[in-house]
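See below for the structure under consideration.
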Amino acid sequence: MAKVNPIPAGYSTVVTYISVKGASDAIAYYKKAFSAEELVRMPMPDGKVGHAELKIGDSILMLTEECEPMGARDPRVIVRSAMLGAAQVSVRAQLAVGGGV
């Protein structure tokens, strides 16, 4: 029997998955502010993002549109934090805070 790798190529042991109100806008923001590469986007019938995967540096970020009935809440409602290691920190910080986004 072939050995199956439980971690797909290009993914790390832990992958962050967030729910965001306005997921399409969030994807555009991550692309501009952090040079994210959109790998996958699966729209729902209403056009909202059902699932998306972005690559930021060497990390994968998965996200979906907020869905309160399923308990998938926007992180701005449920406060969380994340750390991003990046070159040109001052440039990235300026973009993230709104200078050009």
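The values are calculated or read from the model by the stated rules, or taken from the named source; none is laboratory data. Every value quoted in this text rests on a predicted model; they were computed, and no experiment measured them. Positions of Cβ are backbone-derived with ideal geometry, glycine not excepted, and every protein chain shown enters the neighbour counts.
Of all the residues that make up region 4-18, how many are in contact (Cβ under 8 Å) with a residue 40 or more places away in the chain and either within 25 Å of residue 67 (Cβ to Cβ) or not in a loop (DSSP other than H, G, I, E, B) (or both)?
5
Inspect region 19-30 for any residue being part of a strand (DSSP E or B) and surrounded by 13 or more Cβ atoms within 10 Å (Cβ to Cβ) and give the result as yes or no.
Yes, region 19-30 contains at least one residue that is part of a strand (DSSP E or B) and surrounded by 13 or more Cβ atoms within 10 Å (Cβ to Cβ).
If a residue must be at negative phi, free of Cβ contacts under 8 Å to residues at least 24 places away in the same chain and either loosely packed, with under 14 Cβ neighbours inside 10 Å or not in a strand (DSSP E or B) (or both), how many such residues does region 44-57 contain?
Total meeting the criteria: 3.
Is it true that residue 1 is hydrophobic (A, V, I, L, M, F, W, C), without any contact (Cβ under 8 Å) to a residue 60 or more places away in the chain, loosely packed, with under 12 Cβ neighbours inside 10 Å and in a strand (DSSP E or B)?
The answer is no for residue 1.
Mind listing whichever residues of region 86-101 are assigned to a loop (DSSP other than H, G, I, E, B) and at pLDDT 70 or above?
Answer for region 86-101, where residues must be assigned to a loop (DSSP other than H, G, I, E, B) and at pLDDT 70 or above: just 98.
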